[in-house]
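The values are calculated or read from the model by the stated rules, or taken from the named source; none is laboratory data. Bear in mind the structure is a predicted one, so any value in this text is a computation, not a measurement. Every residue, glycine as well, gets a Cβ built from its backbone with ideal geometry; the counts of neighbours run over all protein chains shown.
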Amino acid sequence: MEPISPQTRIGWIGLGVMGCSMCGHLRAAGYSVTAHTRTASKAKPLIEQGAVWADDAAGVVEASDIVFTMLGYPEDVQAVYLGERGLLQAARPETVLVDMTTSQPALAMEIAGRGERSAITVIDAPVSGGDIGAQNATLSIMLGGPEEVCRQLWPLWELMGQKIVYQGTAGMGQHTKMVNQTLIASGMVGLCEALLYGYRAGLDLDTVLESVSSGAAGSWSLSNLAPRILRGDFKPGFFVHHFIKDMGIALGEARRMQISLPGLALAEQLYVALAAQGHQNSGTQALQLALAQLSGIDWNARDVQEGDKSTEE
């Protein structure tokens, strides 16, 4: 591929909770952007910044040197990359395609292999950091694919993320994201259980967080999501239904590798229960509601009783 320059043409497909902010950073840096997303209204902020709308994936890649995708599910990735008028069908040789969706490692390897046969480079680059990381360009980006090309794209990675690490060949970025999601899944169960314990013990939970957030129990989730839970803020930084998808991928890979992950399996079942209670479009911190219900606690009523009126808006 040609070195990254101000003339490099960027394509972007998928402008959801994170994708819009990530693409916005590239546009704000002066790169020309051609964009497409399933719900056209979500592209409005970028169009107002000067991005160009394309009617489909083929239209994006025909106008771009590098195309980024940030989609929902592996079946979306398969359709956009391998479907009729998909990226691999429409891309010119030497085009670089970057999938930042959390998806299946095997699918990432398949797409990369097909691309290689047509002189198209495909990189899997899933991210962690949620809506806050996307907005602040502080994401962790996990790279899988040809190392030389991944290094050439460093100026673009740095516009979106703060921690960028090359993990290996195609699919290794996705495997690393599965490690990340496994860590988060069990950690969220522990976080929510700890807040329930503190509440029932009569502790002031904001004061508790002052003590535990900077100690050995500290984590990104504790610092960023626990305060949202205490405010009764369950809006999505990362959707419950997407997290269930991710845990399913990780458990499928675990079965293939013949390893037992009982903590992850338990977390998945708790999140499935949360979705069944109507919270599939809430943020992952809404697990607090399902666990509180198991103990007969109405967490939102607790917020009101303690004088936090944010849930009444």
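Determine if the stretch 215-234 includes at least one residue that is surrounded by 13 or more Cβ atoms within 10 Å (Cβ to Cβ), out of contact with any Asp or Glu (no Cβ under 6 Å at 6 or more places or on another chain) and assigned to a strand (DSSP E or B).
no
Leu191 - would you say it is assigned to a loop (DSSP other than H, G, I, E, B) and assigned by TED's automatic domain parsing to the domain that holds Ile297? If you could, list the steps in order and put the result at the bottom.
Values: assigned to a loop (DSSP other than H, G, I, E, B): no; assigned by TED's automatic domain parsing to the domain that holds Ile297: yes.
The answer is no for Leu191.
Return only the number of the condition from (1) within 13 Å of the chain's Cα centre (by Cα); (2) among the hydrophobic types (A, V, I, L, M, F, W, C); (3) modelled with pLDDT of 95 or more that Ile132 does not satisfy.
All conditions are met except number (3).
So which residues in the stretch 98-120 are among the hydroxyl-bearing types (Ser, Thr, Tyr) and surrounded by fewer than 24 Cβ atoms within 10 Å (Cβ to Cβ), if there are any at all? Before the answer, list the steps.
If we filter the stretch 98-120 for residues that are among the hydroxyl-bearing types (Ser, Thr, Tyr), which is where we start, we get 101-103, 118.
Ser118, the sole residue that qualifies.
Asn180 is checked against (1) in a helix (DSSP H, G or I); (2) in contact with a Ser or Thr (Cβ under 8 Å, 6 or more places away or on another chain); (3) loosely packed, with under 15 Cβ neighbours inside 10 Å and fails just one. What number does that condition carry?
(3)
Every residue in the stretch 271-285 that is part of a helix (DSSP H, G or I) and under 20 Å from Asn224 (Cβ atoms), please. Lay out the reasoning, then the answer.
So in the stretch 271-285, the residues part of a helix (DSSP H, G or I) come out as 271-279, 284-285.
Across the stretch 271-285, the qualifying residues are Tyr271, Leu274, His279, Thr284, Gln285.
Within the stretch 238-253, does at least one residue satisfy the condition of being assigned to a loop (DSSP other than H, G, I, E, B), surrounded by 17 or more Cβ atoms within 10 Å (Cβ to Cβ), under 18 Å from the mean Cα position of the chain (by Cα) and modelled with pLDDT under 95? Steps first, answer last, please.
In the first step, residues of the stretch 238-253 are kept if they are assigned to a loop (DSSP other than H, G, I, E, B); the result is 238.
Now restrict to residues that are surrounded by 17 or more Cβ atoms within 10 Å (Cβ to Cβ): 238.
Next, only the ones that are under 18 Å from the mean Cα position of the chain (by Cα) stay: 238.
With the extra rule that they be modelled with pLDDT under 95, the set shrinks to 238.
Yes, the stretch 238-253 contains a residue that is assigned to a loop (DSSP other than H, G, I, E, B), surrounded by 17 or more Cβ atoms within 10 Å (Cβ to Cβ), under 18 Å from the mean Cα position of the chain (by Cα) and modelled with pLDDT under 95.
If Ser64 passes every condition in (1) out of contact with any helix residue (DSSP H, G or I) (no Cβ under 7 Å at 6 or more places or on another chain); (2) closer than 29 Å to Pro236 by Cα; (3) among the hydroxyl-bearing types (Ser, Thr, Tyr) but one, which one does it miss?
Ser64 satisfies every listed condition except (2).
So if I check each of Val165, Val149, which one is farther than 19 Å from Ala28 by Cβ and assigned to a helix (DSSP H, G or I)?
Numbers: Val165 fails: assigned to a helix (DSSP H, G or I).
The match here is Val149.
For residues that are without any contact (Cβ under 8 Å) to a residue 40 or more places away in the chain and more than 16 Å from Arg38 (Cα to Cα), tally how many sit in the stretch 59-83.
Going through the stretch 59-83 one residue at a time, the tally reaches 2.
Condition first: of a type in the set (A, V, I, L, M, F, W, C), buried (at least 24 other Cβ atoms within 10 Å of the Cβ) and under 18 Å from Thr8 (Cα atoms). Now tell me which residues in the stretch 63-86 satisfy that.
Across the stretch 63-86, the qualifying residues are Ile66, Val67, Phe68.
Could you check Val127 against (1) in contact with a Leu (Cβ under 7 Å, 6 or more places away or on another chain); (2) surrounded by fewer than 17 Cβ atoms within 10 Å (Cβ to Cβ) and say which number it fails?
It fails just one condition, (2).
Out of everything in the stretch 55-69 that is in contact with a strand residue (DSSP E or B) (Cβ under 8 Å, 6 or more places away or on another chain) and in a helix (DSSP H, G or I), what residue ends up being nearest to Tyr81 (Cα to Cα)? Don't jump to the end; show me each part of the working.
Of all residues in the stretch 55-69, those in contact with a strand residue (DSSP E or B) (Cβ under 8 Å, 6 or more places away or on another chain) come to 55-57, 59-61, 63-69.
Next, only the ones that are in a helix (DSSP H, G or I) stay: 57, 59-61.
Values: Ala57: 8, Gly59: 13, Val60: 12, Val61: 11 Å.
Across the stretch 55-69, the extreme among qualifying residues is Ala57.
Does the stretch 286-300 include one or more residues that are in a helix (DSSP H, G or I), modelled with pLDDT of 95 or more, of a type outside the set (Gly, Ala, Ser) and closer than 24 Å to Met70 by Cα?
Within the stretch 286-300, none of the residues are in a helix (DSSP H, G or I), modelled with pLDDT of 95 or more, of a type outside the set (Gly, Ala, Ser) and closer than 24 Å to Met70 by Cα.
Among the residues of the stretch 11-30, which ones are surrounded by fewer than 23 Cβ atoms within 10 Å (Cβ to Cβ), out of contact with any Asp or Glu (no Cβ under 6 Å at 6 or more places or on another chain) and either free of Cβ contacts under 8 Å to residues at least 12 places away in the same chain or not in a helix (DSSP H, G or I) (or both)?
Gly16, Ala29, Gly30
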